[in-house]
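The values are calculated or read from the model by the stated rules, or taken from the named source; none is laboratory data. For clarity, every value in this text was computed on a predicted model and none was experimentally measured. For neighbour counting, all protein chains shown are included, and Cβ atoms are generated from backbone atoms with ideal geometry for every residue, glycine included. Side chains included, ligands, DNA and RNA excluded: accessible areas come from the protein's heavy atoms. Shrake-Rupley method; radii C 1.70, N 1.55, O 1.52, S 1.80 Å.
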Amino acid sequence: MLKHPIRSFRDLQVYQLAFRYSVEVYDLVQHFPQGFDRYLAQQLLARSQAVRTNIAAAWGQRRDRTALINCLCAAQLEAAEVQIWIEAAIGVAYLDTEVGQDLGDGYRYLFATLDQLMASASLGAKRLEESEFSTLPATA
């Protein structure tokens, strides 16, 4: 049973994780060396924000199982891309290996969480009602 009612996508634990990790990405990019490859930073920032955007879209589509799964799948794809850009940042020494691996672990956990939500949605309405997308007020 959920402890707090979910009234918007911001109340979702998966969104809160995605938000926390995207703030970490933002903070880390601010410390990239001067003269660094801006494209790498832009991709990290854009992909980490896209995870959140797609989770919010999934909330908006939660009554349409196919659309919900598509949005969660898009969020998961973005989480995988963030992991690739984190690896690149580690590879060019913009990120400390340990810091990068910790952030990558966070995005792997987020990826797995999104996978579980998609599995619940795929299994049908009963399981979907047990997931964190179950609360019905439709406010964003």
| Residue check for SER120: open to solvent by less than 20 Å² (accessible area, probe 1.4 Å) and without any contact (Cβ under 8 Å) to a residue 24 or more places away in the chain | yes
| field | Subset of segment 35-67 [of a type in the set (Val, Ile, Thr) and surrounded by 14 or more Cβ atoms within 10 Å (Cβ to Cβ)] | value | VAL51, THR53, ILE55
| Only one of LEU95, LEU28 that is hydrophobic (A, V, I, L, M, F, W, C), on the phi < 0 side of the Ramachandran plot, in a loop (DSSP other than H, G, I, E, B) and out of contact with any Cys (no Cβ under 7 Å at 6 or more places or on another chain) | LEU95
| note | Expected single match for at pLDDT 95 or above and either closer than 13 Å to LEU114 by Cα or in contact with a helix residue (DSSP H, G or I) (Cβ under 9 Å, 6 or more places away or on another chain) (or both) among ARG65, ARG10, ARG20 is ARG20
| said: Can you tell me which of (1) in a helix (DSSP H, G or I); (2) more than 20 Å from PRO33 (Cβ to Cβ) is the one ALA88 doesn't meet? | reply: (2)
| query | Within the group VAL29, VAL51, VAL25, which residue is touching a residue at least 60 places away in the same chain (Cβ under 8 Å) and in contact with a helix residue (DSSP H, G or I) (Cβ under 6 Å, 6 or more places away or on another chain)? | reply | VAL25
